[in-house]
Amino acid sequence: ECTVAFLIQVLTSEFPDFDIDQAEKQLQAPDLRELVQAVTSGRPLFIFQLAFIWAQKGTLRDALTRNIKKETPAIEFLYGRIYDYLSDNAKRLFVAISQLVSKDDPSNLVEKLQYVTSLDSDDAAFQTAMNELLKLKLVEVLEGKCFRVYSNQILQIMATYFERSGDRVR
C-alpha cells in the first residue's frame, strides 16, 4: 500500500536512528494499517505529520490516538507551508479556488478555474499547476469536468491566502 510505503520512507529519511524493522513489523497488523489510512486519508502531508508524531511518541498505537486531520494548528502549519512551495501558477489556482467554491458546495467547473486564472490560453501550464494541487490532495477532479476541494479546512486556508494576495489572481 502506498500510504504505508510513504510512511516508512518518511521515517527513514527524517529519523535515521528510528527502528525501521520494528516500524515495518507494527505496520503488518491489519488494524493498524487501517487506522493509519483512516487518520491520514492517504494524504502526504498527514502521513508526514503522523511520522513525526510516531517518532515523538515512540509507538504507532500512541501516535494514532491523535486525530491530526482535525488539529487546526497542524492543518495551518502543513497547508500554510505547502503554499510556499507551489509554483506561481499553482498558487494562482490555490487562491482562486476559494472564490469559486463554498463550504456548502466545494466544487466547480475546471474550465471556470482555468478562465479566472487567465490560464485558458495555456492548457499545459494550467494542467501542470492543477497536477500540483491534485498530487497534494488539496483538490480532486470529478469526471474530468469538475474539481472539488478535499475539505473545509483546506478551503479556509485557500481563502486566507486569497485575502493576503490582495485579489491578485491573474
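The values are calculated or read from the model by the stated rules, or taken from the named source; none is laboratory data. For clarity, every value in this text was computed on a predicted model and none was experimentally measured. Cβ sites come from the backbone with ideal geometry, for glycine too, and all protein chains shown count toward neighbours. What goes into the accessible areas is simple: the full protein's heavy atoms, side chains included, and nothing from ligands, DNA or RNA. Shrake-Rupley method; radii C 1.70, N 1.55, O 1.52, S 1.80 Å.
Residues 91, 103: which one is open to solvent by 70 Å² or more (accessible area, probe 1.4 Å), at pLDDT 90 or above, touching a helix residue (DSSP H, G or I) at 6+ places or on another chain (Cβ under 7 Å) and under 14 Å from residue 139 (Cα atoms)?
On the way: 91 fails: open to solvent by 70 Å² or more (accessible area, probe 1.4 Å).
Of 91, 103, the one residue that is open to solvent by 70 Å² or more (accessible area, probe 1.4 Å), at pLDDT 90 or above, touching a helix residue (DSSP H, G or I) at 6+ places or on another chain (Cβ under 7 Å) and under 14 Å from residue 139 (Cα atoms) is 103.
Could you tell me which of the residues 138, 109, 133, 119 is more than 17 Å from the chain's Cα centre (by Cα) and under 19 Å from residue 87 (Cβ atoms)? Spell out the reasoning first.
Details: 138 fails: more than 17 Å from the chain's Cα centre (by Cα); 109 fails: under 19 Å from residue 87 (Cβ atoms); 133 fails: more than 17 Å from the chain's Cα centre (by Cα).
Only one candidate qualifies: 119.
Restricting attention to helices (runs of 4 or more DSSP H) lying wholly within segment 82-149, give those where 1 or more residues are farther than 20 Å from residue 165 by Cβ.
Details: elements: 88-100, 110-116, 123-135.
By residue number, 110-116, 123-135.
List pairs: first residue in segment 35-61 and more than 16 Å from residue 138 (Cα to Cα), second residue aromatic (Phe, Trp, Tyr) and not in a helix (DSSP H, G or I) anywhere in the structure, Cβ distance under 9 angstrom, at least six positions apart or on different chains.
51/15; 51/18; 52/15; 54/15; 54/18; 55/15; 55/18
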